[in-house]
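The values are calculated or read from the model by the stated rules, or taken from the named source; none is laboratory data. Everything numeric here is computed off the predicted structure, so don't read it as measured data. Note that we place each Cβ from the backbone using ideal geometry, even for glycine, and neighbour counts take in every protein chain shown. Areas reflect the complete protein model, heavy atoms only, side chains present, ligands, DNA and RNA absent. Shrake-Rupley method; radii C 1.70, N 1.55, O 1.52, S 1.80 Å.
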Amino acid sequence: QVQLVESGGGLVQAGGSLRLDCAASGSTFSIKTMGWYRQAPGKQRALVATTTRGGSTTYADSVKARFTISRDNAKNTVYLQMNSLEPDAAAVYYCHGLAVGGMGYWGKGTLVTVPS
């Protein structure tokens, strides 16, 4: 089992920055890919960014050049640095871990609010 706990959400003004952290515990050795997803009110949960244990990254087109995902394998933590935030970035952000064998794990989410 893997537990994921997000932190760092909050209210930020448009144009501001925020960093989200996701700390993993439990059978972390099994996690090969970690990522961030977000779900805005009335919308489906959508991919934001992922990173593999080896450091390869992918991003949704809407966040490229503004968001950066990084990972500290020694701390079992993944980060999402979000810059130039706009109101459309407001959502609950969820951490996801994909383990060997295809098992997926979700955190409970952290709310990011960007007033218009």
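Of all residues being assigned to a strand (DSSP E or B) and of a type in the set (D, E, K, R) in the range 1-59, which is most open to solvent (accessible area, probe 1.4 Å)? Just the residue, please.
Residue satisfying both the conditions and the ranking: R19.
Filter the range 77-107 down to the residues that are touching a residue at least 60 places away in the same chain (Cβ under 8 Å) and either more than 20 Å from V12 (Cβ to Cβ) or in contact with a His (Cβ under 8 Å, 6 or more places away or on another chain) (or both) and list them by number.
H96, G97, L98, A99, V100, G101, M103, Y105, W106, G107
I'd like to check something: does the range 95-109 contain any residue that is closer than 13 Å to L20 by Cα, out of contact with any Cys (no Cβ under 7 Å at 6 or more places or on another chain) and among the hydroxyl-bearing types (S, T, Y)?
No, there is no match, as no residue in the range 95-109 is closer than 13 Å to L20 by Cα, out of contact with any Cys (no Cβ under 7 Å at 6 or more places or on another chain) and among the hydroxyl-bearing types (S, T, Y).
Across the range 60-85, which residue is surrounded by the fewest Cβ atoms within 10 Å (Cβ to Cβ) among those that are modelled with pLDDT under 95 and of a type in the set (A, V, I, L, M)?
A74
Does R45 count as modelled with pLDDT under 95, touching a Phe, Trp or Tyr at 6+ places or on another chain (Cβ under 9 Å), of a type in the set (D, E, K, R) and closer than 18 Å to E6 by Cα?
It is false that R45 is modelled with pLDDT under 95, touching a Phe, Trp or Tyr at 6+ places or on another chain (Cβ under 9 Å), of a type in the set (D, E, K, R) and closer than 18 Å to E6 by Cα.
For the range 86-116, enumerate the residues that are crowded, with 21+ Cβ neighbours inside 10 Å and in a helix (DSSP H, G or I).
Scanning the range 86-116 gives a single hit, A89.
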